[in-house]
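Accompanying notes for the structure given below.
The values are calculated or read from the model by the stated rules, or taken from the named source; none is laboratory data. This one's a predicted model, so the numbers in the text were calculated from it and none came from an experiment. Every residue, glycine among them, receives a Cβ derived from its backbone with ideal geometry; neighbour counts consider all protein chains shown. Only protein heavy atoms, including side chains, enter the accessible area calculation; ligands, DNA and RNA are left aside. Shrake-Rupley method; radii C 1.70, N 1.55, O 1.52, S 1.80 Å.
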Amino acid sequence: MNRAFWRGKRIMLTGHTGFKGSWLSIWLKSLDAEVLGYALAPSTNPSLFEVAKVGHGMASVVADIRDLAYLQKVMVDYQPEIVIHMAAQPLVRYSYLDPVGTYSTNVMGTVNLFEAIRQTKSVKAVVNVTSDKCYENREWAWGYRENEAMGGFDPYSSSKGCSELVTAAYRNSYFNPGQYEKHGVAIASGRAGNVIGGGDWAEDRLIPDMMRAISSGNSVNIRSPKSIRPWQHVLEPLSGYLLLAEKLYLDGANYSEAWNFGPNDDDTKSVEWIADNLTRAWGEGASWHLEYSTQVHEAQYLKLDCSKAKTQLEWVSKWSLIKAIDQICIWHKAHIAGADMHEISLQQIGQYEMTS
């Protein structure tokens with residue numbers, strides 16, 4: 001990633017009040033980019049957006065991605081050069097409770113985004129952030145490649161597969177790489193694994209559930225200890241999205257496709273491994289136990305093949321899973337101690353950038 005590239009670039013980031021969006025907002029501002037965020041108000045209390053004062057130093061619009069007319073107005077008025085789309089309903093288990101909201105946000109929200117981009121002549125590069133769960137999960141030991149079939153057992157996973165299909169349809173129909181010289185817009189999607197990091201307070205997500213229990217002095221409920229996921233620190237895929245956006249801006253026709261951003265193979269671990277190592281890293285008697293209640297269906301084995309990003313983008317995974325867990329403990333202990341969490345977050349971004 002070239003820091004100088006981002007200086008003064010006009011970025012529109014949807015979903016900037018969420019966990020990943022908040023981290024990316026802080027990072028983009030540290031790169032001296034001009035950032036406009038478009039999202040609903042933070043969905044958790046506390047939230048990284050509020051705790052780390054993410055809204056300072058950027059324009060922030062609180063609005064719904066499903067409101068096409070207003071989204072178009074904001075985008076046309078702002079005239080962004082780069083659009084990074086993160087606004088989403090991000091939780092598998094919640095999607096069982098609200099499938100309509102999940103599909104309307106994750107599918108029609110993507111449609112609305114591309115419709116607004118069609119009306120905004122300043123846009124040159126678009127990254128639609130989806131999920132590793134967009135793939136038809138066959139519960140096999142191999143990593144999924146970008147050319148594998150879309151699918152999804154649950155509403156969330158299915159909606160992310162649909163978002164990928166929408167992206168491909170708009171790229172083929174309106175922003176075809178073969179006609180790049182005519183329209184000048186490059187569109188790609190980024191598919192990341194399970195992201196972890198400081199400041200995530202979402203419901204029904206492993207690390208937030210663990211942090212809530214540990215900080216309250218309680219043992220952690222673990223529901224699916226044998227489930228295996230491609231865990232990675234949140235800064236890992238964010239670095240991939242930034243690198244991809246830069247490539248799209250400079251040489252769009254050659255990068256307008258889907259990209260996986262996941263951890264190295266030896267960091268695809270079970271929930272049990274995460275629970276053991278996080279409680280050990282935290283110390284202070286932290287512990288976990290198995291929850292025996294009936295659970296909704298979730299994929300048991302999920303792994304990404306990131307060979308394409310490593311080869312063609314020269315993107316690399318910098319932090320091991322152990323390093324990521326250590327950084328989470330550092331972040332949350334600092335928060336408990338009343339530290340300046342914007343500064344702590346900047347420090348972790350700086351450490352990540354300095355890692356070779």
Of all DSSP beta bridges having both residues in the chain, the percent classed as antiparallel (nearest 5) is 10
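Plugging the Kirkwood radius over Cα pairs into Stokes-Einstein for region 219-356, at a temperature of 20 °C and a viscosity of 1.002 mPa s, what D comes out in µm²/s? Numbers along the way, then the final one.
Values: Rh = 17.1 Å.
Translational diffusion coefficient: 126 µm²/s.
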Whole-Hz Karplus couplings 3J(HN,Hα) for region 214-220, θ = phi - 60° and coefficients 6.51, -1.76, 1.60, Gly and Pro as x, run 4, 5, 9, x, 9, 6, 8
Scoring region 136-243 by relative contact order with C-alpha pairs under 8 Å, at least six apart, yields a percentage of 18
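Under 8 Å for C-alpha pairs, at least 6 residues apart: give me the relative contact order for region 1-92, rounded to a whole percent.
Relative contact order for region 1-92 comes out at 37 percent.
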Karplus ³J(HN,Hα) for region 156-166 (6.51 cos²θ - 1.76 cosθ + 1.60, θ = phi - 60°; Hz, whole; x = Gly/Pro) runs 4, 4, 4, 5, 6, x, 4, 4, 5, 5, 4
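Over the chain, what is the relative contact order in whole percent, taking alpha-carbon pairs under 8 Å and six or more residues apart?
18
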As a Kirkwood estimate from alpha-carbon pairs, region 1-53 has a hydrodynamic radius in angstrom of 11.3
Rh_Kirkwood(region 1-92) over Cα pairs, Å, one decimal, evaluates to 13.3
Counting only protein heavy atoms and leaving out ligands, DNA and RNA, the solvent-accessible surface of Asp132 at a 1.4 Å probe, in Å² to the nearest 10, equals 0
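Given charges of +1 on the Cβ of Lys and Arg and -1 on the Cβ of Asp and Glu, with all other atoms neutral, how large is the dipole of the chain about its Cα centre, in debye to the nearest 20?
Once rounded to the nearest 20, the dipole reads 520 debye.
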Leu290 and Leu68 label points (each 7 Å along its Cα→Cβ direction) are spaced in nm at 5.0
Scalar couplings 3J(HN,Hα) for region 272-282 by Karplus 6.51 cos²θ - 1.76 cosθ + 1.60 (θ = phi - 60°), nearest whole Hz, x for Gly and Pro, are 4, 4, 4, 4, 4, 6, 6, 5, 5, 5, 6
In the chain the accessible area split gives carbon plus sulfur, as whole percent at 1.4 Å, a share of 50
Expressed per residue, the solvent accessible area of region 68-129 in Å² (1.4 Å probe) is about 38
When the charge dipole of region 121-236 is computed with +1 at the Cβ of Lys and Arg and -1 at the Cβ of Asp and Glu, the Cα pointing farthest to the positive end, of Thr130, Ala168, Trp142, is that of Ala168
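Taking all protein chains together and a probe of 1.4 Å, list Arg145, Arg7 from the most accessible to the least accessible.
Largest accessible area first, the residues go Arg7, Arg145.
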For Phe19, Phe114, the accessible-area ranking with a 1.4 Å probe, largest leading, is Phe19, Phe114
Within the under-12-Å Cβ sphere about Trp201, not counting Trp201, Lys/Arg +1 and Asp/Glu -1 give a net charge of -3
Accessible-area order for Trp201, Trp273, largest to smallest, probe 1.4 angstrom, reads Trp273, Trp201
Sorted by chain and then number, the residues having a modelled amide H within less than 5 Å of the amide H of Ala33, at least 5 places away or on another chain, are Gly8
With N residues in region 31-139, Rg(alpha-carbon) / (2.2 N^0.38 Å) equals 1.15
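With +1 on the Cβ of every Lys and Arg and -1 on the Cβ of every Asp and Glu, and nothing else charged, how large is the dipole of region 83-218 about its Cα centre, in debye rounded to the nearest 20?
480
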Computed over the chain, the convex hull of the Cα set has an average projected area, in nm², of 16.2
Charge tally for neighbours of Phe5 with beta carbon under 12 Å away, counting Lys, Arg as +1 and Asp, Glu as -1, is +1
Once the dipole of region 211-257 is set up from charges on Cβ (+1 Lys and Arg, -1 Asp and Glu), the residue from the list Asn254, Asn218, Leu244 lying farthest towards its positive end is Asn218
re region 43-101: pairs of Cα atoms spaced beyond 18 Å account for a percent value of 53
